[in-house]
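Notes to accompany the following structure.
The values are calculated or read from the model by the stated rules, or taken from the named source; none is laboratory data. No experiment lies behind these values; they were computed from the predicted model shown. Here Cβ is always computed from backbone atoms with ideal geometry, including for glycine, and neighbour counts include all displayed protein chains. With ligands, DNA and RNA removed, areas are computed over all heavy atoms of the protein, side chains included. Shrake-Rupley method; radii C 1.70, N 1.55, O 1.52, S 1.80 Å.
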Amino acid sequence: MTTTAADASAGPAPVLIEREQIPLSTVIRRMLVSRTRFVQLGFLLVILVGWEIAGRQMGTFFLAPPSTLWAASGEMIASGELVSALLDSLSSLLVGYSIAIVVGVCVGFLMGWYRVVGKVLDPFVSAGYVIPTAGLVPVFIIWFGLGFNARVVTVFLFCVFEILISTYTGVKNIDPLLINAARAFGANRWELFSRVASRASLPYIFAGLRMGASRAVKGMIIAELLFAVTGLGGLIQNAANYYRTDKVFVVVIVLAVIGVALAALIQWLESRATPWSTGPSH
Amino acid sequence: MLYTIDHVTSQQLTNPLAAAGPGPSAAGGIRVAGLVKTYERTTGREIVRTHALEQVDLHVAPNEFVSLVGPSGCGKTTVLKVIAGLLDPTSGTVTIDGARVTGPGTDRGVVFQQPALMPWLSVIDNVTLALRFAKVPKRERVPRAERYLALVGLADFHDHFPGELSGGMQQRVGIARALALEPRVLLMDEPFGALDAITRQHMQTELVRIWEDERRSVLFVTHSLDEALLLSDRIVVMERGRVAASVDVPIDRPRTRLGLLEDPAARRLRASLEEML
């Protein structure tokens with residue numbers, strides 16, 4: 001075989017490529033200082049100012065203004081109630097969400113990969129998806145009691161279907177061209193799964209994880225309000241019972257931070273795992 | 001010399017294999033015999049049968065470059081997919097150098113209409129993945145991938161991702177991937193169909209150069225007569241799931257687009273082929 005010089009054969013390189021290293025400090029500065037960040041901060045400021053004005057008009061009892069939240073959060077941290085509630089909530093959230101990821105991704109994959117399994121399970125999944133989980137709470141109390149298990153099950157049921165359906169859709173939508181190409185080059189069934197399908201469906205799986213994460217946080221709070229009053233949800237209820245709207249808002253802000261942090265974590269994982277994709281939901 | 005279409009057509013009808021070069025005893029190359037593909041679909045109380053391939057006989061001799069032309073929907077791609085082993089025929093057989101095709105195999109390198117690259121893998125990883133699938137020993141994969149990427153002019157683009165390349169460059173990766181298997185035959189399904197005119201011309205020239213470097217049997221599906229005339233030793237015309245004609249292209253190589261336009265024999269051949277389509 002004669003590899004007659006590529007440069008002579010292929011004509012001129014179609015484009016000029018330059019590579020330049022960026023200093024780490026510049027990378028970090030770009031992450032922290034950008035027009036988006038600036039506008040986001042401005043937007044946050046507008047919300048806080050509006051809230052402050054409204055709060056002062058209505059009174060702390062009705063709507064605690066942001067300026068009172070520092071004191072309230074200091075009080076809650078000092079008493080230890082915020083940290084213990086946070087750990088309590090996070091444990092049920094993470095356990096329920098993790099089980100949902102394992103079950104949702106596995107079952108979703110099976111349904112997408114084996115057409116028969118997909119066809120058989122499809123109506124059951126649809127049924128499970130439309131049944132309002134909150135409506136099952138009385139039965140959960142009978143089955144799982146009022147403790148940790150009941151909360152984990154609620155979180156699980158709140159988010160498993162998002163993850164499952166998204167994975168199912170992702171596997172069904174794998175470009176048949178990629179599968180055919182792999183088959184043409186001799187890939188066996190296992191290689192098709194491990195080298196092609198599992199990668200090609202990642203954008204959809206991550207979309208499911210993102211949707212599932214916010215549902216999981218909702219499930220966690222609902223469980224804490226409906227079963228034993230505990231965790232962050234319990235903290236909200238207790239604070240409201242004593243008309244401490246400032247404490248209520250502290251917890252709500254903590255919840256928002258959890259949601260944002262979880263979303264950011266998933267997004268970071270997604271950008272690491274699927275650098276080629278902008279995701280199906282964008 | 002130039003066959004008239006009528007002559008070839010009648011020969012084709014009486015004995016399809018005779019027109020296709022060596023007799024059945026010569027088992028080399030791609031041999032397709034009595035290929036039938038029927039799709040069945042049930043709609044309500046009706047069964048709809050689509051006869052994609054009625055009866056296809058075809059032979060591509062070792063190192064021969066054959067183009068398969070015909071209007072869209074005539075079954076060209078179906079023939080190619082059956083030969084590639086990606087589609088089971090309803091009846092009929094395909095053999096590659098005498099070995100019966102029962103599924104996909106690495107004796108055939110396939111280039112698809114779209115580049116069909118894994119978007120999550122770099123250019124070189126796309127090629128080495130195919131070599132991995134083909135059970136090429138690990139040590140050989142990277143050097144082989146590098147060699148064939150250089151052959152298609154992508155030596156500087158190893159660690160780029162497909163999304164960062166132009167359509168023409170992506171298609172070249174697809175060609176390098178097929179060549180890297182060092183297959184006995186190359187199956188190409190309108191590989192340049194999605195490219196702009198300038199890139200297509202460039203790629204055609206390059207394909208001929210590569211083929212002349214590394215001779216092997218090529219079956220090239222296209223709907224462009226000019227492309228078929230420029231590239232092939234023989235043109236097989238398909239129509240409604242059958243082979244309508246098989247025509248030699250007795251034009252000296254190297255061929256150029258301009259040369260084909262000026263050569264009266266080429267013009268006559270083109271005109272008579274056009275009439276058939």
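I'm trying to understand the selection: among the residues of the stretch A:252-276, which are free of Cβ contacts under 8 Å to residues at least 40 places away in the same chain, in a helix (DSSP H, G or I) and of a type outside the set (Ser, Thr, Tyr)? Hits for the stretch A:252-276 are A:Val252, A:Leu255, A:Ala256, A:Val257, A:Val260, A:Ala261, A:Ala264, A:Leu265, A:Trp268, A:Arg272. Checking each residue in the stretch A:163-186 for being facing another protein chain (nearest Cβ under 8 Å) and in a helix (DSSP H, G or I) picks out A:Leu177, A:Leu178, A:Asn180, A:Ala181, A:Ala182, A:Arg183, A:Ala184. Within the stretch B:119-135, if we keep just the residues that are part of a loop (DSSP other than H, G, I, E, B) and either open to solvent by 70 Å² or more (accessible area, probe 1.4 Å) or in contact with a Lys or Arg (Cβ under 7 Å, 6 or more places away or on another chain) (or both), the residue that is nearest to the other protein chains (Cβ to nearest Cβ) turns out to be B:Trp120. Within the stretch B:165-177, the set of residues being more than 8 Å from chain A (Cβ to nearest Cβ) and either among the polar types (S, T, N, Q) or without any contact (Cβ under 8 Å) to a residue 12 or more places away in the chain (or both) comprises B:Gln170, B:Gln171. Of all the numbered requirements in (1) over 30 Å from A:Asp246 (Cβ atoms); (2) touching a residue at least 40 places away in the same chain (Cβ under 8 Å); (3) of a type in the set (S, T, N, Q), A:Ser73 misses one, and that requirement is (1).
Close contacts from the stretch A:108-136, counting a first residue that is farther than 22 Å from A:Val155 by Cβ and a second that is modelled with pLDDT under 90 and open to solvent by less than 50 Å² (accessible area, probe 1.4 Å), with Cβ to Cβ under 9 Å and a gap of 6+ residues or different chains, come to none at all. Candidates in the stretch B:91-118 are the residues that are open to solvent by less than 20 Å² (accessible area, probe 1.4 Å) and small (Gly, Ala, Ser); of these, the one that is nearest to A:Ala181 (Cα to Cα) is B:Ala116.
Just one of (1) buried (at least 18 other Cβ atoms within 10 Å of the Cβ); (2) at the interface with chain A (Cβ under 8 Å from one of its Cβ atoms); (3) at negative phi fails for B:Arg147. It is (1). B:Pro162 passes every criterion in (1) within 30 Å of B:Gly70 (Cα to Cα); (2) facing chain A (nearest Cβ under 10 Å); (3) in contact (Cβ under 8 Å) with a residue 40 or more places away in the chain apart from (1).
So A:Arg215 fits all but one of (1) under 15 Å from A:Ile77 (Cα atoms); (2) touching a Cys at 6+ places or on another chain (Cβ under 7 Å); what number is the exception? It fails just one condition, (1). Annotation: A:Ile101 fulfils all but one of (1) assigned to a helix (DSSP H, G or I); (2) surrounded by fewer than 19 Cβ atoms within 10 Å (Cβ to Cβ); (3) more than 14 Å from chain B (Cβ to nearest Cβ); the unmet one is (2). Right, A:Phe144: without any contact (Cβ under 8 Å) to a residue 24 or more places away in the chain and hydrophobic (A, V, I, L, M, F, W, C) or not? Yes, satisfied.
In summary, helices (runs of 4 or more DSSP H) completely within the stretch B:221-277 and bearing 2 or more residues that are open to solvent by 80 Å² or more (accessible area, probe 1.4 Å) occur at B:257-262, B:264-276.
Annotation: B:Arg139 fulfils all but one of (1) over 30 Å from B:Arg242 (Cβ atoms); (2) within 13 Å of chain A (Cβ to nearest Cβ); the unmet one is (2). Based on what the data block shows, is B:Ala33 closer than 25 Å to B:Leu273 by Cβ, open to solvent by 10 Å² or more (accessible area, probe 1.4 Å) and not acidic (Asp, Glu)? For B:Ala33, the condition - closer than 25 Å to B:Leu273 by Cβ, open to solvent by 10 Å² or more (accessible area, probe 1.4 Å) and not acidic (Asp, Glu) - is met. Restricting attention to the stretch B:178-218 and to residues that are polar (S, T, N, Q) and open to solvent by less than 20 Å² (accessible area, probe 1.4 Å), the residue that is nearest to the other protein chains (Cβ to nearest Cβ) turns out to be B:Gln204. When each of A:Ala197, A:Ala213 is tested for being away from every other protein chain (no Cβ under 14 Å) and under 27 Å from A:Gly128 (Cα atoms), the lone residue that passes is A:Ala213. Quick check: anything in the stretch A:249-270 within 14 Å of another protein chain (Cβ to nearest Cβ), open to solvent by less than 20 Å² (accessible area, probe 1.4 Å) and on the phi < 0 side of the Ramachandran plot? Yes, the stretch A:249-270 contains at least one residue that is within 14 Å of another protein chain (Cβ to nearest Cβ), open to solvent by less than 20 Å² (accessible area, probe 1.4 Å) and on the phi < 0 side of the Ramachandran plot.
Would you check if there is a residue in the stretch B:177-198 being under 12 Å from the mean Cα position of the chain (by Cα), acidic (Asp, Glu) and assigned to a strand (DSSP E or B)? Yes, the stretch B:177-198 contains at least one residue that is under 12 Å from the mean Cα position of the chain (by Cα), acidic (Asp, Glu) and assigned to a strand (DSSP E or B). Looking only at residues in the stretch A:224-248 that are assigned to a loop (DSSP other than H, G, I, E, B) and in contact (Cβ under 8 Å) with a residue 60 or more places away in the chain, the one that is least open to solvent (accessible area, probe 1.4 Å) is A:Phe227. Restricting attention to the stretch A:91-121, the residues being under 24 Å from the mean Cα position of the chain (by Cα) and either of a type outside the set (A, V, I, L, M, F, W, C) or over 13 Å from A:Thr167 (Cβ atoms) (or both) number 12.
Taken over the stretch A:178-198, the criterion of being hydrophobic (A, V, I, L, M, F, W, C), more than 19 Å from B:Gly105 (Cβ to Cβ) and open to solvent by 30 Å² or more (accessible area, probe 1.4 Å) is satisfied by A:Phe193 alone. Scanning the stretch B:86-106 for residues that are more than 10 Å from chain A (Cβ to nearest Cβ) and outside any strand (DSSP E or B) yields B:Asp88, B:Pro89, B:Thr90, B:Asp97, B:Gly98, B:Val101, B:Thr102.
Residues being in a loop (DSSP other than H, G, I, E, B), farther than 17 Å from B:Val32 by Cα and more than 15 Å from the chain's Cα centre (by Cα) are represented in the stretch B:107-116 by at least one member.
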